[in-house]
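Accompanying notes for the structure given below.
The values are calculated or read from the model by the stated rules, or taken from the named source; none is laboratory data. Quantities reported herein were computed from a predicted structural model and do not represent experimental measurements. Cβ: placed from backbone, ideal geometry, glycine included. Neighbour counts: every protein chain shown. Heavy atoms of the whole protein, side chains included, go into the accessibility calculation; ligands, DNA and RNA do not. Shrake-Rupley method; radii C 1.70, N 1.55, O 1.52, S 1.80 Å.
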Amino acid sequence: MAIPLYQDLWNGKETLSETVALRCGEKQLTFGDFFQDILRAEAGLRSLGVGPGDLVTLITLNTPEAVIAFYAIDRIGAVANWVDTKLSPTEVEEYLIRAQSKVVLVLELAFAKVYQNRGQAPAEHFITLPLACYLPDALGEKLHLNTWQESAGPGCMPWVSLLQTPQDIFPEKERWEEPVAITYTGGTTGPAKGVMLSRRAFRASLEQYTQAETEYGRGGENLDLLPLFSAFGLCQCVHVPLCLGMGVILSPLFRPNQLGQALQQYHPTQVSGTTSYWQLLLQDAWAKTADLSFLKVPRCGGDTLPAELERRINAFLAQGGCSANLVKEYGMSEVAGIVCVSYGYGEIGDAGRPVPGCKIVAVDPTTGALCPPEVQGELIIQSGTQMSGYYGMPEANEQVLKPGPDGTIWVWTKDLGHTTADGRVVVTGRKKRMISRHGFKIFPSVIENCLLSDPGVSACAVVAGISPKGETLPVAHIVAAPGQDPAALEAALRRLVKRDLNLFLHPGAYYFHDVLPLTERGKLDYRALEQQTNL
């Protein structure tokens, strides 16, 4: 049934008017006030001339106002164009011109940069979203917040001035296949691309999670640590939980090493994080004595999860009193986030099973022929959550939206992996991360699993390096456990790989780090590691 996202959000919430929908810092917003603010923001946007199909650009972090604005934009039938606040000054004009947005909602932290570098963009109205009210006073002063007015000019106004008396207008219902949101890929293997997601995709994701055999969305609060400008953060970490009656905890300035701090502060029933977040949590001193009995659904996605690391995380969860194993999730922006879930009881090393209504198979990357179970190929996905295409990049669609073995269109992931006889999905890694050494294909995850079997290794990543002779070699980047001597650990690891791995899999060098570099999405930054590799 073609209905706006707001309708899914509203359905069944009549009895939840006093229940907290959004929490951020020390502030909270009930479902009743949440719905009222959506209608007031809709009235304000309409007064500025926003209509069906218009792109409204949001340059913001995870704040309640950003969520409210999203549903107001949906009611109008417009499109929320989500942009990272960390875009460079030279990128501001480019993004705004490409979107042709007349209305821009920008976080006060980024206001001066955006407004002063708008150039020839057609934007007429800049709405400033608050941040200082969600932070400790000292941090707000350090970031020079509450000073955006110094850079303001014609067409600028604070969020509170946008809100107007709600109008008696029914939400737009016809735009079912057209985009309602544009989120951006992580750019880990190339330039970030705008993924156009329709109401159909959001509804399909909601139906998939509703039908899945998991405790996800069954009450309590979800701690969202992933950005709203990502499909996973917007769809599965905010929209789906809210539609299922959960509260959502927003953390606008979260850093990957702060997962322990966030868990202590909020005691959420569910948390969504990347592999790197959990890996860093194991290194947190708090983890040794953590009480996790409040946590019911610990979720992990966004990057390959080595089997040995999964064992460590599950042991940590059990030690802290959490009754669940890590819920592994797999997907990509082009399918609105997550389409494969382990439900907490999958076997070590897999990514779980496709959610209801989704198919995932492995195919030969060259011929496109279906691979039988246990045979590795490129993973392709078919799901109702599939994107409408890349914004302004039709040529890129042809590289991802291609016919599968049955002749219908599938999403080609560029991930390597295989299915099992009982329907589970195993992800080996990205095609671009595969290392070729004298024609021998090397999958970094095999080496990483071996290195992580040594308790002296807290974290590791393997990338390609070029020797002085021009030979491509795997290179290991290591974070040593506390108290480990790097030289002694390297010697032990060389003995370990010599015993357990084929000669072609032996790293040509070992680099030691205090922490491994991460992208803004909390994923390992492999490109940064490759740039640090010098054999």
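Among beta bridges identified by DSSP and lying wholly in the chain, the antiparallel ones come to about 55 percent.
Estimated from the Cβ-Cβ distance and a Förster radius of 41 angstrom, the FRET efficiency linking Ser161 and Ile466 is about 0.15.
A straight Cα-to-Cα reach below 17 Å connects Lys86 with the aspartates and glutamates Glu94, Glu108, Glu520, Asp525, residues fewer than 8 places away in its own chain not being considered. Find the all-direction average of the projected area of the Cα convex hull for the stretch 304-374, expressing the result in square nanometres with one decimal place. So the Cα hull casts an average projection of 6.1 nm².
Listed by chain and number, the lysines whose C-alpha is less than 19 Å from the C-alpha of Lys102, apart from same-chain residues fewer than 8 away, are Lys113. Full extension of the chain segment joining Lys441 with Gln120 gains 110.7 nm, where the gain is 0.36 nm per residue of separation less the Cα-Cα distance. Applying D = kT/(6 pi eta Rh) to the stretch 63-198, where Rh is the Kirkwood radius over alpha-carbon pairs, T corresponds to 4 °C and eta to 1.567 mPa s, the Stokes-Einstein value obtained is 80 µm²/s.
Could you tell me the calculated FRET efficiency between Gln532 and Leu370, based on Cβ-Cβ distance and R0 = 30 angstrom, to the nearest 0.05? Once rounded, the FRET efficiency stands at 0.15.
When only alpha carbons are used to place a centre, the stretch 118-171 and the stretch 415-450 end up 46 Å from one another. For labels at Ala421 and Arg98 in the simple 7 Å Cα→Cβ model, what's the distance in nm? With each label point 7 Å from Cα toward Cβ, the separation is 4.8 nm.
Partners of Lys498 within straight-line reach, counting lysines whose Cα lies under 21 Å from its Cα and excluding those fewer than 8 residues away in the same chain: Lys441. In the chain, a dipole from Cβ-located charges (positive for Lys and Arg, negative for Asp and Glu) runs towards its positive end, and of Val339, Ala181, Asn146 it is Val339 whose Cα lies farthest in that direction. Along the charge dipole of the stretch 1-148, pointing to its positive end and built from +1/-1 on Cβ of Lys, Arg, Asp and Glu, which listed residue (Phe34, Leu135, Gly53) has its Cα farthest out? Checking the options against the dipole of the stretch 1-148, the answer is Gly53. Rounded to the nearest angstrom and listed largest first, the equivalent-ellipsoid semi-axes of the stretch 312-432 from its Cα gyration tensor are 28, 17, 12.
Beyond 22 Å between alpha-carbons counts as too far, so tell me which of Lys296/Lys359; Lys414/Lys469; Lys402/Lys432; Lys469/Lys523 fall in that bin. From Lys296/Lys359; Lys414/Lys469; Lys402/Lys432; Lys469/Lys523, over 22 Å: Lys296/Lys359; Lys414/Lys469; Lys469/Lys523.
Treating r as the C-beta distance of Glu347 and Glu174 and R0 as 56 Å, the FRET efficiency rounds to 0.80. Relative to its Kirkwood radius, the Cα radius of gyration of the chain gives an Rg/Rh of 0.97.
Peptides 232-243, 141-152 ranked from most to least packed, by the mean per-residue count of other Cβ atoms within 10 Å: 232-243, 141-152. Placing a label point 7 Å from the Cα of Ala315 along the Cα-to-Cβ direction, the residues of the stretch 449-483 whose backbone N falls under 11 Å of that point are 453-456.
Per-residue packing, averaged as other Cβ atoms within 10 Å, sorts the ranges 10-19, 425-434 into the order 425-434, 10-19, beginning with the highest.
Values of log10 I(q)/I(0) for the stretch 368-502 across q = 0.12, 0.17 Å⁻¹ run -0.67, -1.01, by the Debye formula with one identical scatterer at each alpha carbon and no solvent. With the simple spin-label model, which puts each label point 7 Å out from Cα in the Cβ direction, the Gln28 to Cys133 separation comes to 1.7 nm.
When +1 charges are put on Lys and Arg Cβ atoms and -1 charges on Asp and Glu Cβ atoms, the dipole computed for the chain relative to its Cα centre reaches about 960 debye. A 1.4 Å probe run over the chain, with the rest of the protein chains in place, finds 40 Å² accessible per residue.
Taking the C-alpha atoms only, the angle from helix 486-500 to the longest principal axis of the chain is near 70 degrees. Where only DSSP H runs of four or more residues are counted, the chain gives -8000 deg cm²/dmol as its mean residue ellipticity at 222 nm, each run worth -39500 (n - 2.57).
Net charge dipole, the stretch 388-498: roughly 320 debye, given to the nearest 20, about the Cα centre with Cβ charges of +1 for Lys and Arg and -1 for Asp and Glu.
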